[in-house]
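Okay, structure first, notes after.
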Amino acid sequence: MATIDIDGVRKRFGNVDVLHGVDLTIADGEFVVLVGPSGCGKSTLLRLIAGLEDISRGAIRIDGERVNDLAPRARDIAMVFQSYALYPHMSVERNMDYSLRLRKTPAERAREAVEGAAGKLGIDRLLQRKPRTLSGGQRQRVAMGRAIVRTPKAFLFDEPLSNLDARLREQMRGEIKKMHQDLGATSIYVTHDQIEAMTLADRIVAMNEGLVQQIGPPRELYEHPTNLFVAGFIGSPA
Ligand code: ADP
Ligand code: MG
């Protein structure tokens, strides 16, 4: 697992500044929840950490190593998207062992890893199915399974539950919490859901317009939001 250090990170698309200098250090094993209005730069920040976009200024370090110029695969970070991003033509098993096969993991080890992850997520009976035959909740479990099979250094979650109905969201929230307790993996989790933020986070990071507004444990942001924006987003309705 890993520490992630985000140091003065800026991102500009064309002539539009999206991130204006983000500073954030995430401890080994910490679960950080990132909140903020649509368009404030949350997904962009995750994509920079994963290496899916280039940083304009600043640095990202994983376990002290500067990764600005490292390819996504070399960063060893798993990302789980709202849209699942499963390969439609592959079975659940192939979706889950894809990253292992890319890394030339021996077949036997790959199968054990897939079966272990599938068992944890309750999808062991779905391994030969195609994604289109699965429900939304099952697909999201496959996406999570794909992320945990290779025990990456860190997990990035971009609103993974927002396509699911309320009951399933609650159940999956519990499973993510349990998964984190089991694996102790450094995680950054973007959500619009206040309950998810309050129950999952070691610390909440509130962002607005490309800047971090406040960082702290859930209770602290809830009880002592430092500005109206944070208060409106997660503060107690005083
Ligand atoms: P959030 O996830 O917080 O809703 P995003 O990080 O997706 O916000 O987007 C932040 C801003 O960056 C938005 O204004 C969006 O339009 C812009 N943006 C994101 N990706 C690109 C891109 N590839 N090219 C140009 N603009 C982008
Ligand atoms: Mg987003």
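No value in this document is a laboratory result; all are computed from the given coordinates. Bear in mind the structure is a predicted one, so any value in this text is a computation, not a measurement. Methodologically, a virtual Cβ is constructed for each residue, glycine included, from the backbone with ideal geometry; neighbour enumeration extends over all protein chains shown.
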Dipole of the chain [Lys/Arg +1, Asp/Glu -1 at C-beta], most positive-end residue of L126, I6, T199 | L126
Most mobile of N163, N68, N15 per a Gaussian network model of the chain (Cα springs, under 10 Å)?
-> N15
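Quote the charge dipole size of the range 43-132 about the Cα centre in Debye, to the nearest 20; the model charges only the Cβ of Lys and Arg (+1) and of Asp and Glu (-1).
260 debye
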Sequence-distant or interchain residues sharing an amide H contact under 5 Å with V22, placed H: which?
-> G8, V9, R10
Per 5 Å bin from zero, what fraction in whole % of the C-alpha pairs of the range 63-182 is there, up to the bin with the longest pair?
-> 2, 11, 22, 24, 21, 12, 6, 3, 0
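Which value, in nm² and rounded to one decimal, describes the direction-averaged projected area of the C-alpha convex hull of the range 32-91?
Result: a mean projected hull area of 5.8 nm².
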Tell me which lysines have Cα within less than 26 Å of K130's Cα, excluding those fewer than 8 residues away on the same chain?
-> K104, K120
Could you size up the charge dipole of the chain around its Cα centre, putting +1 on the beta carbon of Lys and Arg and -1 on that of Asp and Glu, and report it in debye to the nearest 20?
-> 1000 debye
Work out, step by step, the length gained on full extension between A27 and E112: first 0.36 nm times the residue separation, then minus their alpha carbon distance; give nm to one decimal.
-> 27.6 nm
Contact order relative to length for the chain, counting C-alpha pairs under 8 Å separated by 6 or more residues, stands in percent at 28 percent
Once both label points are put 7 Å beyond Cα along the C-beta direction, the D54-H224 separation in nm becomes 4.3 nm
Given H placed on each backbone N at 1.01 Å, which residues far from N208 in sequence or on other chains put an amide H within less than 5 Å of it?
-> Q213
For the chain, with a Gaussian network of springs between Cα atoms less than 10 Å apart, report the residue from P72, P106, P37 with the top mean-square fluctuation.
-> P106
Which far-off residues, 5 or more places away or on another chain, put their amide H under 5 Å from the one on D17, with H placed in the peptide plane?
-> none
Per-residue ellipticity at 222 nm attributable to helices in the chain (runs of n ≥ 4 DSSP H, -39500 (n - 2.57) apiece, nearest 500 deg cm²/dmol) works out to -11000 deg cm²/dmol
Give the percent of DSSP beta bridges with both residues in the chain that are antiparallel, rounded to the nearest 5.
-> 55 percent
How many angstrom lie between the C-alpha centres of the range 26-68 and the range 194-238?
-> 18 Å
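So what is the relative contact order for the range 1-82, in percent, with contacts set as C-alpha pairs under 8 Å and at least six apart?
On the way: 124 pairs, mean separation 27.6, N = 82.
Value for the range 1-82: 34 percent.
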Expressed in nanometres to one decimal, the distance between label points 7 Å along Cα→Cβ at Q194 and R101 is 4.6 nm
Counting only C-alpha contacts under 8 Å and six or more residues apart, can you give the relative contact order of the range 143-220 as a whole percent?
-> 26 percent
At least 15 Å along the helix axis (C-alpha) and Kyte average at least -1.0, DSSP helices within the chain = 92-102, 107-121, 136-148
Label-reachable residues, the range 29-59, where backbone N falls under 16 Å from a point 7 Å from N68's Cα toward its Cβ | 48-59
